[in-house]
Amino acid sequence: MSWTAEPFKDCVVDLPHTAVELPLDYFDETSYQREFTYQKHLNWSDDFANKEVSLVFDGAMANTRVFLDGVQIGGHKDGYTPFEIRLTPYLKTAGNLITVCVDGSENPEIPPFGGQIDYLTYAGIYREVWLKVTDRLSVQNIMIETDKVLDTNKSVKVSCFLSNPDDLALSGTLKAEILDADSNVIAVQFAEIIGLKTTIDFFELADIHLWTLENPYLYQVRVSLDSDKGIDRIIQKIGFRTADFAADGFRLNGEKLKLIGLNRHQSFPYSGYAQGPASQERDADILKYDLACNIVRTSHYPQSNAFLDRCDEIGLLVLEEIPGWQHIGGDVWKDESVQNVRRMIERDWNHPSIILWGVRINESDDDDAFYQRTNAMAHQLDSTRQTGGIRKHAGSSLLEDVYTMNDFVLGEFEIPHVNQPLTSLRNQSEVTGLPQKVPYLVTEYNGHMFPTKVTDQEQRQVEHVTRHLEVLNAAYGDDNIAGCIGWCMFDYNTHKDFGSGDRICHHGVLTIFREPKFAAYAYASQGSPKNRVVLQPVTYWARGERNIGGTLPLMILSNCDFIRLSFPNGTSIDLQPDTETFAHLPHPPFMLSESDLSGSEVGQWGMRWMDIEMVGYVNNMQVVSRTLLADPVATSLAVTADRSVLTNDRNEVRISVKALDQAGNLMPYIDLPITIEIEGSAKLIGPDVTSLKGGATAFWIRSTRELGEAVIGVHSARFAVEEIHFSVEN
Ligand code: GAL
C-alpha cells in the first residue's frame, strides 16, 4: 500500500516506512518521538458490498489511532503486534479518507516505555498494512496443537475461531485438511460449526515427518468455512515436534540439545525497523548458517512474521518475549502488558520454531501478582509451550516453567590470558536459591560487560572472542544449563543513556551492517564442518598491532581436526585444538604460543615480518587454507550481494563491500570513503557516501517497484568501479 505522510503533503511513501530516517550515529533520538500522520483515499469498490472490510496493520510504532473521514474508528497501543481496524460500518460509496496518526513518543502508559530502554523504537508504519475483505462470517484465526508427536501415530487438534461481528445465527461446516510439503492432502476432517470456536481433531496420523533442526519439515493446515453466512479459507504452516525444558537440560523431539544462540533486535541502520521480509529472513539465515546458532531470542518484543516464518523453514528455535525493558508501569501499563502476552501468542502459536514464551518484562524486578497474570494468560492460551521470564537477579520467584537468567558474571573479571580458570556462568543453584534443580536457560551474557568495536585493537578483540568462548564452554559443560543466548547478534542504535556516546551499542558479534567481528567465528566455528568449514585466525597479522608487538598467543577459530601452519622459511607446525582450556566446546580454538615456536627459526621473529599459511584438515583431508601476508597491499574491492534477484516489491538486497589484500584478507584499517551510484529501478537506503569500518561495510537497496534493470556502482579513490547488475523481477 502507498500512503501519504505528514508533514510532506505531496510525499507518497511506501510501506514498510520509517517516519524519520536517522543518520548512522550521533543523532537526536527525540526527532522521531512525536506524532506522524499518514493518509490514504480508499475508493469504494463493488467488491465491498455486503462484505466485511477491514485494515490489518502488521505493526506500527507506537500508539496508533485510525480515522475515517475525520472520525476515529480504532487504535492500538502496542508497537509490535498486529491489529485490525473494522471499516465496514463506516465505508461510504464516496470519500473514505483514512488517516492514521502514529505517535512515536515514549508514552509511559505503553510498554516498554516509562523508564530507560537500551534500544530505539523507531516511529512509523514499519510493517505492512493489508486490506481484508471477507464475507460477514469468516475465519479469524486457527490454533493447531500437535499431540502424541513421538508416537508412530500422531494427533492434531485444530481450533477454529470465527469472526461474526454482526452476531449472525451460526450454521454450516468447517473443513480442515492437512497437506504435506508437496501440497498433497494427507488427512481431512469436517465439523459442524458449534460456536465462535469449533475444534476439529485428527487421530492416528501415520508416516508423519518430524520437524527437526536438520530437516524442518513443514505441513500446512487448511481450514475452509462453508456457510450460507460466509465462505472463507485460511492456511497455516505447522511442524510436528516436542520441546521440553527439564532440570537436566533441553530436549527437542526427546533428544538432548544444547541451545546456543544470540539475541536479535529487529533494527537496521538508517531505516530503523522498516525493512521488508527478505531482510528479516536474511537475519535468520545468518544466525543459522553463518553463525551456527540453533536458537534466537527476539529481544525484547515480538518480531516480524517473515523472521519467524523463516525460522520455521530453516530450523532455528525461537524464544519470543513481550515488549519491555526493566521498567514496570502502573495498572494500565500492566493491563496492556498482559494483553501483549495474548497478542503475541495468538499471532504466533502455530510456529514450530517457537519453543518458549518470555512473559516477564526483560530484567524487571519481581512482581508476583503481575507475573502470575502473564503466566496464566500464556498457559491458558497455549498448553503446549513452557514459559520463561527473563531476569537479571538471583533468588527471583520462579513463576514460570523455566528460570531464564541474564548472567553477566563474567564481566566481573578481567581475563589476562585464556589459560586461567574463571567463573563464566553461575551455577544455577546459586542463582535460583532453590533446593532442587529446575529448568534453567541463560538468556544474555557479555554485551555491555565488554563492548567491542570492529575497529578495536586486535588484543581487545581476542578478549572479546575469549569471553564468548568461555561462556559457551561453561554452558556446554553444565547439564543443568539448557543453553546460552549471547548479547548480541549485531551492534544496534540506542538512546543517549547507553552505548558509546555515538548512539550505538557495540555489543554485537556482527557490526550494525551484519559484517562479522572476530567474535562471530567463536559461534561459527562450533558448527559442523559438514555444513561450513571455518578457519579464522583472530589476528590482523601485523608486527606492531598488539601492545609490545607480535601476534602471540595466536588464537585460530576453526572446526577442523588439525591445522598446519607453514612459514616461508620452510618451518611448519601442526596445531591441535585446545581441549584442555575449552574441554566442553565441540570445536575448541587452536592456540599458537611462544613455546610452540621455541627453538625454531620462526621463534626468533624480530623486526622482519613474514607470511603465515594455515591449512585446515578434516578426516586427514585438506579442506581449507588461508595465507596471511607480511606485506598486505590494497588489491581489490569485493562487492557482493546477498541475493542475486531484486524483486519489484518491498524486499531489500544487502550489498557488502570489502577491501582486500593480494591474498583476499580484509584490510581492517584502510581509510576508504566510497560512493554508491544507482541507475535504473532501484533506490538506496541510507547515504550514498560512506566509509569502510574494519575494512568492510554494507548497504541495502530496494526496487522502485518497477520492472527493468538496476546497476549498482561502488566508486572509491583506490579501486576500479565495481558494479552489480540486477534485473528487477516480479
Ligand atoms: C541487558 C539488557 C539488554 C542489553 C544488554 C547489554 O541488561 O537486557 O537489552 O541492554 O544488557 O549488555
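The values are calculated or read from the model by the stated rules, or taken from the named source; none is laboratory data. What you are looking at is a predicted structure, and each value in this text was computed from that prediction instead of being measured. Heads up, the Cβs are rebuilt from the backbone with ideal geometry, glycines too, and the neighbour counts pull from every protein chain shown.
List of remarks:
- Taking the listed residues Gly330, Gly315, Gly324, the one that is in contact with a Pro (Cβ under 7 Å, 6 or more places away or on another chain) and surrounded by fewer than 24 Cβ atoms within 10 Å (Cβ to Cβ) is Gly315, with no other qualifying.
- Region 667-689 residues that are over 15 Å from His715 (Cα atoms), paired with ones that are buried (at least 19 other Cβ atoms within 10 Å of the Cβ) and charged (D, E, K, R) (beta carbon under 6 Å, 6 or more apart): Met667/Asp661
- Within region 352-361, the set of residues being assigned to a loop (DSSP other than H, G, I, E, B) and within 17 Å of Met143 (Cβ to Cβ) comprises Pro352, Ser353.
- Filtering region 169-185 to residues that are loosely packed, with under 15 Cβ neighbours inside 10 Å and over 25 Å from Asp382 (Cβ atoms) leaves Ala169, Ser171, Thr173, Asp182, Ser183, Asn184, Val185.
- Residue within region 429-447 that is within 16 Å of the ligand (Cβ to nearest atom), within 15 Å of Ala520 (Cα to Cα), over 20 Å from the mean Cα position of the chain (by Cα) and not small (Gly, Ala, Ser) present: no
- Among all positions in region 610-621, there is at least one residue which is loosely packed, with under 14 Cβ neighbours inside 10 Å, touching a residue at least 12 places away in the same chain (Cβ under 8 Å) and outside the structural domain of Glu722 (by TED's automatic domain parsing).
- Here the condition is being more than 24 Å from Asp285 (Cα to Cα), hydroxyl-bearing (Ser, Thr, Tyr) and more than 25 Å from the chain's Cα centre (by Cα); of Ser727, Ser716, it holds for Ser716 alone.
- Scanning region 362-389 for residues that are within 16 Å of the ligand (Cβ to nearest atom) and under 19 Å from Asp348 (Cα atoms) gives Gly388, Gly389.
- With respect to (1) of a type outside the set (Lys, Arg); (2) touching a Gly at 6+ places or on another chain (Cβ under 9 Å); (3) more than 30 Å from Gln116 (Cβ to Cβ), the lone exception for Ser528 is condition (2).
- Check on Pro589, at pLDDT below 95 and either in contact with an Asp or Glu (Cβ under 7 Å, 6 or more places away or on another chain) or hydroxyl-bearing (Ser, Thr, Tyr) (or both): no
Residue by residue, here is whether (1) assigned by TED's automatic domain parsing to the domain that holds Val296; (2) within 16 Å of the ligand (Cβ to nearest atom) holds:
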{"residue": "Trp211", "(1), (2)": "no, no"}
{"residue": "Tyr217", "(1), (2)": "no, no"}
{"residue": "Gln220", "(1), (2)": "no, no"}
{"residue": "Val223", "(1), (2)": "no, no"}
{"residue": "Gly230", "(1), (2)": "no, no"}
{"residue": "Phe250", "(1), (2)": "yes, no"}
{"residue": "Gly254", "(1), (2)": "yes, no"}
{"residue": "Gly261", "(1), (2)": "yes, yes"}
{"residue": "Gly272", "(1), (2)": "yes, no"}
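- For region 331-358, a residue qualifies if it is touching a residue at least 24 places away in the same chain (Cβ under 8 Å) and either among the basic types (Lys, Arg) or over 27 Å from Ile260 (Cβ atoms) (or both), and the qualifying residues are Val332, Trp333, Lys334, Glu336, Ser337, Val338, Gln339, Asn340, Arg342, Arg343, Glu346, Arg347.
- Residues being within 16 Å of the ligand (Cβ to nearest atom), within 25 Å of Arg241 (Cβ to Cβ) and β-branched (Val, Ile, Thr) are represented in region 349-361 by at least one member.
- Filter pass, Arg650 being in contact (Cβ under 8 Å) with a residue 12 or more places away in the chain and in contact with a helix residue (DSSP H, G or I) (Cβ under 8 Å, 6 or more places away or on another chain): yes
- Residue in region 450-461 that is over 27 Å from Met667 (Cβ atoms) and not assigned by TED's automatic domain parsing to the domain that holds Asp578 present: no
- Taken over region 79-109, the criterion of being hydrophobic (A, V, I, L, M, F, W, C) and surrounded by 15 or more Cβ atoms within 10 Å (Cβ to Cβ) is satisfied by Phe83, Ile85, Leu87, Leu91, Ile98, Val100, Cys101, Val102.
- Residues that are among the small types (Gly, Ala, Ser) and either buried (at least 24 other Cβ atoms within 10 Å of the Cβ) or touching a Ser or Thr at 6+ places or on another chain (Cβ under 6 Å) (or both) were ranked within region 353-367; the one that is farthest from Ser337 (Cα to Cα) is Ser353.
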